[in-house]
Amino acid sequence: MADTVLSVRDLSIEFDVGGIARPAVRDLSFDLSAGEVLGIVGESGSGKSTILFAIMRYLADNARVPNGSIRVGTQELLTLSRRELDHFRGNRIAMIFQDPTGALNPSMRVGDQIAEGILRHQTLTVAEARAKTMSWMARVQLETPKLTYAKFPHELSGGQRQRVMIALALAMEPDVLLMDEPTTALDAVVQAHILELVRTLAVEENLALVFVTHDLAAIAKVADRILVLYAGELMENGPANLVLNNPSHPYTQALLKAMPKLDWSEPALAIPGMISEAVDRFSACVFVDRCAQVKEKCRTTRPKLEPRRNGVVSRCHFQPFKPKLSARPPRVEISIPVKDSSSILQLNNVTLEYPLKGVGLSGFLPWEAKQFQAVRDVSFNVPANGALAIVGESGSGKSTIARAILGLMPVARGTLIFGGEDIAQFSRTRLREFRQMVQIAFQHPTSSLNPRKRILHQVARPVLLAGQTRDAGLQAAEEMLSAVGLNASFHDRMPASLSGGQLQRVAIARAFVSCPKLLILDEPTTALDVSVQAGILELLVELKLNTGCTFLLISHDLAVVRQIAQDILVLKGGVVCETGDIDQVFSNPQHEYTKTLLNAALQV
Amino acid sequence: MLAKIISRSVTGLFTLLMVSLVIFVSTQFLPGDAAVTLLGDNATEEALSHLREELGLNEPAVTQYLRWVGGIVQGDFGVSQTLGLPIGTILGDRFIASLQLTILTILVAAIVAIPLGVLSAIGQGSTIDRTVLSISYLGISIPDFVFGPLLIVAFALPPLALLPSSGYVPLSDDPLAWLRHMILPVTALTAVLTAHLVRQTRSGMLEVLKSDYVRTARLKGLPERQVLWRHCLRNGLATTLTVLALDLGFVMGSIVVIEEVFAYPGIGRLTVFAIGDRDIPLIQATTLVIAATFVVANILADIAHSMLNPKLE
Amino acid sequence: MKRGDIDTSVWVGGSITVFAVLFAILGFFWQPFDPLMIDLTSRFADPSLAHPLGKDGFGRDMLSRLMAGAWKSLTMGFGATFLALSIGVPVALFAGYMRGWVDQLIMRVVDVFLSIPSLVFALIIIVSLGTSHMNALIALGIATSPRFVRIIRTIVMDTMAHDYVTAARARGETALFIQYREVLPNIWPPIIIEGSINVGFALMAGAALSYLGLGTQPPAADWGVLVRDGQQAINQSIWPLLGPAITISIAIVGFNLLGEGLRDQIARTKVHEHG
């Protein structure tokens, strides 16, 4: 390639943790030309962000770069002095982060933060820099640049802040732009807009762009080439359409199959096992423990990067088998439990409110207390044995509904009917029974288990609370843990020693142990890697088949929803937009917002 | 901003009212008879009941409290039982003397501590940082009532005998003598405060230096000096200011002790004197004035803080 | 956490603390001389082998007085902290659990107490209780408890925000179970750290009260009384001041090093856990 802008050669990075060198990235090489977008995809622990910080020369103090070279143009970055670096950063390479909220100085006007970078690297007057800032604000589609210029970060929305960050980076006119999960913290619709903007600007500015993410679907939208990273090792690198449609590495194949499909053409398949963090993992194939096509050679020899057709390189000893259609469960199986015509839970014109905090005294004076309506006049039925999904973006009120059903917040207006009775009218005994019958699993696996209690005891607790003996509780917990795939070695362990996927299995076991009638799943897989997510989805479907428990799934992810739910309810700003059978809603959405959501949902 | 000031002042006033209630309740209704305490065990029943009448001890508690607060609002703090003088006349000079001590202490502490704390944070782990940290450890650990006498031994006694060991001269009488009398008490008071403030400034700055927006600023290619001045200081100092306001409470406690150490005629020493003689109206007045000063200072710090931090405005 | 990872400050602070406690326990049972034995022939005697810290204005052995006072001063530090924690922890747990207006009301009240400087607050309480070692301890305990409520409540609120607490609420656990079985075990480390820092402060404040004549009453003497007596004698001899001054400072250095060292260490362990 003639105009290679960024060139990384044999880059290795390790972290010194307690005197032991823990390798993060090994022998990474890639090139990037002007006007090209490179997507780096990897799950947590792949070292993807570390690479970006290495390029920015902003690694943590305990990081070492034992070998390798990073060049921008002809300039080697690894040998730059601090002073030279200051002229290089921003000017030649700029970086954008996942969390735009923390990345902006809270006490400085956003316009000034953009202009500051311009003034640093370009010989312009302050007035010219301001003008340039505003024109860039317009280019990243921030409305009313004049007004926005003078705003503080907290006065902007998440999407607007990320636009400010993009303007901040591009106004310095760098050759290379690095983006670290720039859309992960954003809602789907905003994410789609930002991805489009990034794509356009990359072309217009002839940027060499590196886009790092865990999300294959997001990368499919923007990247020309895709580099697949696993446990610090480059697994596959090639043109985007080839990598996505005809992957040549078993890991890439598995990763693609683990992604839930919006059209439900095939169910998501989990990759068994966990990512390796072993210090000596590079002496063999790093994917060896989880690979479905593993051979003896994979265990003993580290594969080289082998060139494949059309400029694809792949780190595998073998030409992988043509991905055969493995014996996966037929899709109809999921809908076997026929949902009853009766409903287990019914919401009638429910309105939910949060008190708004005022300044000083005013918040405490009852007559001045203002309420924020999180959910307004919502009605729906959860059919017994069914699975209803509530979808919406952040702030739509979907989690608030879950809290109200669980009795964690008061119902301002309307009624909740469970099994034919008004929840508000429950007697003490009935309430206790109700709490046995309704359970919840949460989004964040580390948060949903008490760090100071042993796994088995936490799972047993709901049974004990129901008044059963300790032995009965422990036995039920043991059975349930083995049902979610955790053997006896987990019983006495503390949550800190478990992975995210394992923790989520424990949380699900705790929810199921008291044989609930209704299980509320609040974004149950959002915090997990794709390969782990598929395993949890499989587990949930299996448990549903075996127990006949009703699911109320809360999610922002339409593809995940499609794997589990039979009915769907679309919520926006606390109001129901559309509700109905999931197949019908997906194939023929009636409401504008549902259409927008479906269009914004990214697919490979 | 105006709304913020007004609302903060209203809460402050409310707080003060509650504080006055706490003070009044815990000092007015003591076990034992105040009249007996004043007149002694040998007093006649007639004298006692006369005194009770005079002090209003026979009235309901609410009336007593309302009359006390009502008096203070009009500037009448009551009459000292031991000195026999209106408390208002005793309080004024003492309060001003203590206020001078407080303000000087805070100024000195801020001027010394903030640059040291910032330097220490920037050079985390360096010799400067470690020296500052170790000295500040001593600073927070040597009690004021120990440090004060040690200062007297070192500077007020022979062989040096540079400074007076006790007393106070009004600024208007003789500025030089005023200064000479201030140096030792202010030094003793400043020691702990400076040490604490250095540490808080340091950790506040470290927090800011670790933040994502400082990373953004550095990755913009700004030179470190500019990163510090434009991005770190303002945010770091906002924390320091809060700490300073809270530390003021500690200083007000220290003042009571230090005034005793240096026989400094301020409101703290007056409080100790009043407690020693169980002069209830005087105790009530002095403690209320001390608390009020603290409340007002906190309000000022709060307002300044929200000026530094646009998010709070 | 490995043994080898313990900070120097925790080691040094811990050693000083242990030594101070042993010194106090020993001093409770035994002193080389009767601390109250007056010998006017040897007033202000300089340090000697028999009397390593010299003698005071009544010819009393300073080391013996210091040892007897150690018990008083340390019980003040530990006792007041224990009292403050036994008020602060339950109130903070309750406020954090109830949230809403109950929490707001409690915190308003705490704010009122916090707006009285804690030493001054202790003075006010002493006025109603009377002056004695025990009353000073109680006064300090009560006066420092609002600070604990505020600090611990913040920690409780953070812990309450975790989903395992929401899960416990949802499955109908009792308020006491959630406060003391779900939340409390997770907030012990910061409580112990804040507590050990407070021991140093309470020891200091208790001695200050005695210095002002409002704590331990003569002839009994804690370190505060000794410092006052020492200061009154500085024109004759500096030894009666120097002994207690250095002892109390070292003891407080010990408590501070231990508490803050532990705090730093836990903060660092957290960082490591997060990668």
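If you go through region B:166-182 one residue at a time, do you hit one that is among the small types (Gly, Ala, Ser), at positive phi, outside any helix (DSSP H, G or I) and within 29 Å of the chain's Cα centre (by Cα)? Break it down stepwise before answering.
To start, the set of residues in region B:166-182 that are among the small types (Gly, Ala, Ser) comprises B:166-167, B:172, B:177.
Add one more test, that the residue is at positive phi, and what stays is B:167.
So of that shortlist, the ones also outside any helix (DSSP H, G or I) come out as B:167.
Those still in the list that are within 29 Å of the chain's Cα centre (by Cα) too: B:167.
Checking region B:166-182: at least one residue is among the small types (Gly, Ala, Ser), at positive phi, outside any helix (DSSP H, G or I) and within 29 Å of the chain's Cα centre (by Cα).
When the residues of region B:134-164 are filtered to those that are more than 7 Å from chain C (Cβ to nearest Cβ) and in contact with a Phe, Trp or Tyr (Cβ under 7 Å, 6 or more places away or on another chain), the one that is nearest to B:ASP247 (Cα to Cα) is B:GLY148.
I'm checking my understanding of the structure. Among residues of region A:29-50 that are touching a Lys or Arg at 6+ places or on another chain (Cβ under 6 Å) and among the aliphatic types (A, V, I, L, M), which one is farthest from A:VAL228 (Cα to Cα)?
A:LEU38
Of all positions in region B:60-72, at least one carries a residue that is more than 30 Å from B:GLY167 (Cα to Cα), surrounded by fewer than 16 Cβ atoms within 10 Å (Cβ to Cβ) and at pLDDT below 85. Within region A:228-243, the set of residues being in contact (Cβ under 8 Å) with a residue 60 or more places away in the chain and over 19 Å from the mean Cα position of the chain (by Cα) comprises A:GLY232, A:GLU233, A:LEU234, A:MET235, A:GLU236, A:ASN237, A:GLY238, A:PRO239, A:ALA240, A:LEU242, A:VAL243. Mind listing just one residue for me: the one in region A:340-366 that is more than 14 Å from every other protein chain (Cβ to nearest Cβ) and not in a strand (DSSP E or B) and, of those, modelled with the lowest pLDDT? Here the answer is A:ASP340. Scanning region A:79-97 for residues that are part of a loop (DSSP other than H, G, I, E, B) and under 32 Å from the mean Cα position of the chain (by Cα) yields A:GLY90, A:ASN91, A:ARG92, A:PHE97.
Screening region A:113-191 for helices (runs of 4 or more DSSP H) wholly inside it with 1 or more residues that are under 30 Å from A:ASP31 (Cβ atoms), within 12 Å of chain B (Cβ to nearest Cβ) and in contact (Cβ under 8 Å) with a residue 12 or more places away in the chain returns the ranges A:158-170. Scanning region A:195-220 for residues that are surrounded by 23 or more Cβ atoms within 10 Å (Cβ to Cβ) and more than 16 Å from A:MET95 (Cα to Cα) returns A:LEU216, A:ALA218, A:ILE219.
The set of residues in region A:557-591 being free of Cβ contacts under 8 Å to residues at least 24 places away in the same chain, part of a helix (DSSP H, G or I) and among the polar types (S, T, N, Q) consists of A:GLN584, A:SER587. With the requirement that a residue be outside any helix (DSSP H, G or I) and either within 25 Å of the chain's Cα centre (by Cα) or within 13 Å of chain C (Cβ to nearest Cβ) (or both), what does region A:489-514 give you? Once the filter is applied, which keeps residues that are outside any helix (DSSP H, G or I) and either within 25 Å of the chain's Cα centre (by Cα) or within 13 Å of chain C (Cβ to nearest Cβ) (or both), region A:489-514 yields A:MET494, A:LEU498, A:SER499, A:VAL513, A:SER514.
Filter region A:28-49 for residues that are at pLDDT 95 or above, buried (at least 18 other Cβ atoms within 10 Å of the Cβ) and more than 23 Å from A:GLU196 (Cα to Cα) and give the result. Result: A:LEU28, A:PHE30.
Residues that are modelled with pLDDT under 90 and within 8 Å of another protein chain (Cβ to nearest Cβ) within region B:16-28 comprise B:SER26, B:THR27, listed in sequence order. If we keep just the residues of region C:198-241 that are in a loop (DSSP other than H, G, I, E, B) and facing chain B (nearest Cβ under 9 Å), which is surrounded by the fewest Cβ atoms within 10 Å (Cβ to Cβ)? Per the criteria, the residue is C:ASN235.
Residues in region A:368-386: is at least one modelled with pLDDT under 95 and within 14 Å of chain B (Cβ to nearest Cβ)? Yes. If you go through region A:433-469 and keep only what is over 20 Å from C:LEU184 (Cα atoms), more than 7 Å from chain C (Cβ to nearest Cβ) and assigned to a loop (DSSP other than H, G, I, E, B), you end up with A:GLN443, A:PRO445, A:ALA466, A:GLY467, A:GLN468, A:THR469. Residues in region A:76-110 that are touching a residue at least 40 places away in the same chain (Cβ under 8 Å) and more than 10 Å from chain B (Cβ to nearest Cβ): 1 in all. Filtered by the rule that a residue be more than 10 Å from every other protein chain (Cβ to nearest Cβ) and under 22 Å from A:LEU552 (Cβ atoms), region A:420-432 gives A:GLY420, A:GLU421, A:ASP422, A:ILE423, A:ALA424, A:GLN425, A:PHE426, A:ARG430.
Quick one: count up the residues across region C:31-68 that are part of a loop (DSSP other than H, G, I, E, B) and polar (S, T, N, Q).
At the first step, the residues of region C:31-68 found to be part of a loop (DSSP other than H, G, I, E, B) are C:31-39, C:43-54, C:56-60.
When the remaining residues are screened for being polar (S, T, N, Q), the result is C:31, C:48.
So the count comes out to 2.
Just one of (1) in contact (Cβ under 8 Å) with a residue 24 or more places away in the chain; (2) of a type outside the set (Ser, Thr, Tyr); (3) away from every other protein chain (no Cβ under 13 Å) fails for B:PRO175. It is (1).
Note on region B:118-135: among residues that are touching a Lys or Arg at 6+ places or on another chain (Cβ under 9 Å) and at pLDDT below 90, the one that is surrounded by the fewest Cβ atoms within 10 Å (Cβ to Cβ) is B:GLN124. Counting only helices (runs of 4 or more DSSP H) that sit completely within region B:198-313, those holding 2 or more residues that are away from chain C (no Cβ under 12 Å), under 20 Å from the mean Cα position of the chain (by Cα) and surrounded by fewer than 20 Cβ atoms within 10 Å (Cβ to Cβ) correspond to B:233-261, B:280-308.
Only a single criterion out of (1) in a strand (DSSP E or B); (2) touching a residue at least 60 places away in the same chain (Cβ under 8 Å) is not satisfied by A:ILE401, namely (1).
The values are calculated or read from the model by the stated rules, or taken from the named source; none is laboratory data. This is a predicted model, so every value here is computed, not measured. Neighbour counts run over all protein chains shown; Cβ positions are idealised from the backbone, glycine included.
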